[in-house]
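The structure appears below as structure tokens.
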Amino acid sequence: MNSVLYPLLATLAAYLIGSLSFAVIVSRVMGLNDPRTYGSKNPGATNVLRSGSKAAAVVTLLLDAVKGWLPVAAIQWWGQPYGLGEGTMALAGFAAFIGHLYPVFFRFVGGKGVATALGVLVATSGWLALATGLTWLIVAYAFRYSSLASLVAALFAPAYYAFGDGVAWVTDRNLLLSTAVMSIFLIWRHSENISRLVKGTESKLGKKKEAAK
């Protein structure tokens, strides 16, 4: 019974943590407008930046990443006595990510999940997160599109994890599947950005109408 109950409880807890929409929470605490009411209306760090508060955007970015990292890291640290292994880590990381996209506390209207997914990767492997983050930075620097950088990083993350097996980490198939599915969701959530990139109307980094993550 416990072999089923504990993984379910861990996954549910991860989803609830992921459902904390820090873009909205931080904005309220700092006396800013609800990010769902301006700009792209996306409750994410990039849209919070449009409020004019860089501090609020940075705090939002960090907390969104932490809520992806925390459930996976907690299972790594304390899960073994309860029979929680890589399979539960994969479920918990994905649940936190889905919680960000569809937060139960905020009428299931969430962000695109880039920071939360990165947090999950940090807990999976620091080297994997570093490789994925550097990919984002290189593409963003070269082309000045935040959305394009996120898309390329999403495509490369599962590839890095698969091909880094035995070199930088030991690949677990459950975590690989979770990473791949998160990447698919990230690409899907950027469908509007993809359309604007194709049309040449996507805003570049540093401009007022920057594409939201």
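The values are calculated or read from the model by the stated rules, or taken from the named source; none is laboratory data. Not measured: the values here are computed from a predicted model. Cβ atoms come from the backbone with ideal geometry, glycine included; neighbour counts cover every protein chain shown. Surface areas here come from the heavy atoms of the whole protein model, side chains and all, with no ligands, DNA or RNA. Shrake-Rupley method; radii C 1.70, N 1.55, O 1.52, S 1.80 Å.
Does any residue of the stretch 7-27 turn out to be among the β-branched types (Val, Ile, Thr), touching a Gly at 6+ places or on another chain (Cβ under 9 Å) and surrounded by fewer than 24 Cβ atoms within 10 Å (Cβ to Cβ)? Yes, some residue in the stretch 7-27 is among the β-branched types (Val, Ile, Thr), touching a Gly at 6+ places or on another chain (Cβ under 9 Å) and surrounded by fewer than 24 Cβ atoms within 10 Å (Cβ to Cβ). Scanning the stretch 39-55 for residues that are open to solvent by 40 Å² or more (accessible area, probe 1.4 Å), part of a loop (DSSP other than H, G, I, E, B) and in contact (Cβ under 8 Å) with a residue 12 or more places away in the chain returns Gly39, Ser40, Arg50, Ser51. Annotation note: Cβ proximity below 6 Å between a residue of the stretch 145-159 that is touching a residue at least 60 places away in the same chain (Cβ under 8 Å) and a residue that is among the β-branched types (Val, Ile, Thr) and surrounded by 24 or more Cβ atoms within 10 Å (Cβ to Cβ) (sequence gap 6+ or interchain) occurs for Ser150/Val114.
Table: residues versus (1) touching a His at 6+ places or on another chain (Cβ under 9 Å); (2) among the small types (Gly, Ala, Ser); (3) surrounded by fewer than 24 Cβ atoms within 10 Å (Cβ to Cβ).
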| residue | (1), (2), (3) |
| --- | --- |
| Ala65 | no, yes, yes |
| Gln76 | no, no, yes |
| Pro81 | no, no, yes |
| Gly93 | no, yes, no |
| Phe108 | no, no, yes |
| Trp127 | no, no, yes |
| Ala131 | no, yes, yes |
| Leu134 | no, no, yes |
| Tyr145 | no, no, yes |
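If only residues of the stretch 186-213 that are modelled with pLDDT of 85 or more and of a type in the set (A, V, I, L, M) are counted, the one that is least open to solvent (accessible area, probe 1.4 Å) is Leu186. Anything in the stretch 90-108 that is more than 15 Å from the chain's Cα centre (by Cα) and either assigned to a loop (DSSP other than H, G, I, E, B) or within 15 Å of Ala14 (Cα to Cα) (or both)? List them, or say none. Matches in the stretch 90-108: Val104, Phe105, Arg107, Phe108. Screening Ser183, Ser147, Ser178 for residues that are in contact with a helix residue (DSSP H, G or I) (Cβ under 7 Å, 6 or more places away or on another chain), assigned to a helix (DSSP H, G or I), within 26 Å of Ala23 (Cβ to Cβ) and at pLDDT below 95 leaves exactly one candidate, Ser147. Residues of the stretch 95-106 that are surrounded by 23 or more Cβ atoms within 10 Å (Cβ to Cβ) and either of a type in the set (Phe, Trp, Tyr) or farther than 17 Å from Phe185 by Cβ (or both): Phe97 alone. Regarding Asp172, is this residue open to solvent by less than 50 Å² (accessible area, probe 1.4 Å) and more than 14 Å from the chain's Cα centre (by Cα)? When the stated conditions are applied, Asp172 passes them.
Assessment of the stretch 115-123 against the conditions (open to solvent by 50 Å² or more (accessible area, probe 1.4 Å) and touching a residue at least 24 places away in the same chain (Cβ under 8 Å)) yields at least one matching residue.
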